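Taken together, the values in this text are just the output of simple stated rules run on the coordinates, not laboratory data. Just so you know, these numbers come straight off a predicted model, no measurement behind them. Using ideal geometry, Cβ is built from the backbone for each residue, glycine included, and neighbour counts are taken over all protein chains shown.
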Amino acid sequence: MKRALITGVTGQDGAYLSQFLLNKGYQVFGLIARRGSDTLWRLRELGVIDRIELIDGDMLDLSSLIRAMEASRPDEVYNLAAQSFVHTSWKQPILTAQVTGMAAVNVLEAVRLTNQKARFYQASTSEMFGKIREPVQSEQTPFYPRSPYGVSKLFAHWMTINYRESFGMHCSSGILFNHESPLRGLEFVTRKVTDSVARIKLGKQKELRLGNIDSKRDWGYAGDYVRAMWLMLQQHEPDDYVIATGRTTTVRDMCRLAFEYAGLDYRDYVVTDEKFCRPAEVDVLIGNPAKAKARLGWEASTGLEELIAMMVDADMRRVERERGAANPWP
Ligand code: NDP
Ligand code: GDP
């Protein structure tokens with residue numbers, strides 16, 4: 001039985017990856033920073049919480065990472081933990097640099113010190129492309145991050161490559177474009193929109209305040225994307241891969257889709273609010289996943305319409321549960 005250690009196990013991707021690996025017969029260990037509030041809801045929602053071994057630890061505490069490595073003795077380590085919200089990264093740039101950037105080196109060091117043979121996955125991001133240097137971004141596109149989050153991730157990305165080249169470790173980096181699901185955090189725009197659609201439809205909210213709705217993202221489904229992480233670690237040689245759908249959509253059109261799915265017109269509800277605009281924006285992202293297709297046999301299998309429908313349905317059920325009323329949703 002293969003063993004995997006996941007940092008960020010309580011996040012969106014951590015939950016889907018846990019489920020994916022358990023279904024493959026892995027023994028799954030997850031690092032958990034116990035910081036008070038209920039962070040286990042995603043693992044509960046996927047029904048995997050009782051099948052994962054949780055190990056106390058924090059990305060900023062190298063000793064806890066070494067102990068987690070010793071306790072789990074993993075064949076594969078997935079480094080998913082991060083302060084992952086771009087907007088917050090301007091408000092907490094130092095914390096973001098420490099958790100999202102520096103702490104990746106803590107994990108790399110913990111692997112190097114305990115078992116250099118363990119395979120390592122780094123959760124890199126399309127935010128590293130930022131102010132894009134090419135109209136469609138691939139593994140060859142130069143980086144130009146536009147936020148403390150993007151800069152921190154770029155540091156972690158290069159450190160991953162450096163450990164691969166310096167120590168011959170099996171370190172791979174997945175440059176993942178935005179991926180969403182019903183388990184996405186409410187602070188991210190897709191989930192903010194689908195949750196609001198459900199609340200507006202059920203009469204619990206009157207409007208939706210958003211920042212820049214002209215920006216464009218290449219949105220995929222998280223359930224598809226965790227498979228790509230695993231595939232990278234099954235390759236003989238470690239490498240870096242862009243994971244994307246190859247289609248880009250404005251925030252505005254994503255809103256239109258979500259409201260339309262619930263029989264509403266977004267123009268009646270969406271209000272622009274400066275508060276949600278960013279000091280520097282990433283205007284457009286669109287990835288070229290050709291390498292992942294050729295080498296990993298990976299392809300996104302969920303379109304944006306299907307993804308948004310899945311998210312609106314899940315939020316309708318949640319909002320319904322909250323108010324305990326009969327379900328008016330057809
Ligand atoms: P989430 O924000 O949902 O999850 C982040 C995870 O990191 C949570 O489990 C969180 O724990 C954990 N974490 C944060 N700080 C610490 C810490 N100090 N010590 C230990 N754990 C910590 O992110 P996603 O699941 O969406 O993304 C997974 C990774 O992929 C992240 O690194 C993200 O930056 C990256 N990424 C995501 C993309 C996306 O579109 N989703 C795109 C490209 C990259 P807790 O629950 O306790 O807060
Ligand atoms: P990001 O690509 O990692 O920053 O993912 P987000 O989901 O946070 O943001 C995607 C895009 O939506 C960015 O261009 C944001 O500026 C834009 N956006 C517009 N309004 C909002 C909002 O209210 N919240 C968030 N999170 N993003 C918004």
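Where does the charge balance sit around Arg323 when Lys and Arg score +1, Asp and Glu -1, over other residues with C-beta under 15 Å from its C-beta?
Within the 15 Å Cβ shell, the charges total +2.
Across 5 Å bins from the origin, how do the percents of Cα pairs in region 109-158 run, short distances first?
Calculated over all Cα pairs of region 109-158, the distribution is 5, 20, 24, 18, 11, 12, 8, 3, 0 percent.
Would you calculate, for the chain, the mean residue ellipticity at 222 nm contributed by helices, counting each DSSP H stretch of 4 or more residues as -39,500 (n - 2.57) and dividing by all residues, to the nearest 500?
-12000 deg cm²/dmol
Any chance you could run the full-extension gain for Gln234 through Glu109? It's 0.36 nm times the residue separation minus the Cα-Cα distance, nm to one decimal.
Length gained, Gln234 through Glu109: 42.8 nm.
Rank Ile308, Ala103, Leu285 by how far each Cα sits towards the positive end of the charge dipole of the chain (+1 on Lys, Arg Cβ; -1 on Asp, Glu Cβ) and give me just the farthest.
Of the listed residues, the answer is Ala103.
Among Arg35, Arg191, Arg267, which comes first, then next, by fewest other beta-carbon atoms within 10 Å?
Listing Arg35, Arg191, Arg267 from fewest to most nearby Cβ atoms yields Arg35, Arg267, Arg191.
For the residues Met159, Met310, Met229, what sequence is obtained by ranking on other C-beta atoms within 10 Å, fewest first?
So the residues, fewest neighbours to most, are Met310, Met159, Met229.
Any chance you could tell me what percent of the C-alpha pair distances in region 222-310 go past 23 Å?
Roughly 43 percent, once rounded to a whole number.
In nm, to one decimal, how far is the modelled label at Gln205 from the one at Leu40, with both set 7 Å along Cα→Cβ?
With each label placed 7 Å out from Cα toward Cβ, I get 2.8 nm.
In what sequence do Ser138, Ser301, Ser84, Ser173 fall when counting other Cβ within 10 Å, fewest first?
Ascending Cβ contact count within 10 Å gives the list Ser301, Ser138, Ser84, Ser173.
Kirkwood Rh over alpha-carbon pairs of region 171-257, then Stokes-Einstein at 37 °C and 0.692 mPa s: what D in µm² s⁻¹, rounded to an integer?
Translational diffusion coefficient: 223 µm²/s.
Could you state, as a whole-number percent, how many of the C-alpha pairs of the chain are farther apart than 33 Å?
I get 24 percent for the Cα pairs in the chain exceeding 33 Å.
Averaged over all directions, how much area does the convex hull of the C-alpha atoms of region 1-151 cover when projected, in nm²?
The Cα convex hull of region 1-151, projected and averaged over all directions, gives 9.8 nm².
If I take R0 = 45 Å and measure r between the Cβ atoms of Glu134 and Glu305 in this structure, what FRET efficiency does the formula 1/(1 + (r/R0)^6) give, to the nearest 0.05?
With a Förster radius of 45 Å, E is 0.95.
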